[in-house]
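The values are calculated or read from the model by the stated rules, or taken from the named source; none is laboratory data. Remember, predicted model here, so these are calculated numbers, not experimental data. Positions of Cβ are backbone-derived with ideal geometry, glycine not excepted, and every protein chain shown enters the neighbour counts.
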Amino acid sequence: MNQKGFIKDIVIIVLAILLLGGGYFYFSKNPAYAPAENTNQNQIADETKDWKTYRNEKYEIEFRYPKSSDVIDQSFFQNAADFQVDVSYDLLAGGYEPARLTISNVADSRYQIVSVKTVLFTKNNNIDGENPIYFYKDNRKVYANCVDYGGLDILDFCNKVLSTFKFTK
């Protein structure tokens, strides 16, 4: 290989590195290209800041919920180590049960429950008015079910409440 060809190859490599590095720097520092996830989380945090907080020291859980909702601890139906909490939507669903979000560490054996990487309910998983999912939070398995037998669209409500769920220890 002659010296001119070698220099040409070095110049091309250096230019490619500078171009890639400059592109990375521009896109990582430009807010227009920030992940939408961060914006969505900030928006949800703003919407939930005036909500009530449910905290259960025994089960080491906490989440926020609208002032117009009620929280019912159903854990007494479970084993001592298990929890189940229902968060009612502020309207009755028109069926025999109120629309609600159920959060638990026990699976509902009636359904094949879908695993999700992002804690998010979608319409794709609706089974006769129920939307069961599970996910991992702090290496612990959590089951959730967005229940609506009356045809209301409460997925947004369920997603916002569930986005605030955390283990306290």
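Out of the stretch 108-136, which residues are over 15 Å from residue 160 (Cα atoms), surrounded by 14 or more Cβ atoms within 10 Å (Cβ to Cβ) and modelled with pLDDT under 75?
Residues satisfying the conditions are 108, 111, 113, 114, 116, 125.
Inside the stretch 141-153, can you point out the residues that are under 14 Å from residue 122 (Cβ atoms) and within 15 Å of the chain's Cα centre (by Cα)?
So the first thing to find is which residues in the stretch 141-153 are under 14 Å from residue 122 (Cβ atoms), and the list is 144-146, 148, 153.
Matches in the stretch 141-153: 144, 145, 146.
Could you grab me the full set of residues in the stretch 93-107 that are at pLDDT below 65 and surrounded by 14 or more Cβ atoms within 10 Å (Cβ to Cβ)? Break it down into steps so the answer makes sense when it comes.
First, the residues of the stretch 93-107 that are at pLDDT below 65: 93-96.
Result: 93, 95.
I'd like to check something: does the stretch 36-56 contain any residue that is exposed (fewer than 11 other Cβ atoms within 10 Å of the Cβ), touching a strand residue (DSSP E or B) at 6+ places or on another chain (Cβ under 8 Å), modelled with pLDDT under 75 and of a type outside the set (Val, Ile, Thr)?
No; the residues of the stretch 36-56 include none that is exposed (fewer than 11 other Cβ atoms within 10 Å of the Cβ), touching a strand residue (DSSP E or B) at 6+ places or on another chain (Cβ under 8 Å), modelled with pLDDT under 75 and of a type outside the set (Val, Ile, Thr).
Looking at the stretch 155-165, is at least one residue assigned to a loop (DSSP other than H, G, I, E, B) and in contact (Cβ under 8 Å) with a residue 60 or more places away in the chain? Spell out how you get there, then give the answer.
In the first step, residues of the stretch 155-165 are kept if they are assigned to a loop (DSSP other than H, G, I, E, B); the result is 164-165.
Of the ones still in play, those that are also in contact (Cβ under 8 Å) with a residue 60 or more places away in the chain are 164-165.
Yes, some residue in the stretch 155-165 is assigned to a loop (DSSP other than H, G, I, E, B) and in contact (Cβ under 8 Å) with a residue 60 or more places away in the chain.
Kindly establish whether residue 121 is under 11 Å from residue 101 (Cβ atoms), of a type in the set (A, V, I, L, M, F, W, C) and in a loop (DSSP other than H, G, I, E, B).
Working: under 11 Å from residue 101 (Cβ atoms): yes; of a type in the set (A, V, I, L, M, F, W, C): yes; in a loop (DSSP other than H, G, I, E, B): yes.
Criteria met by residue 121.
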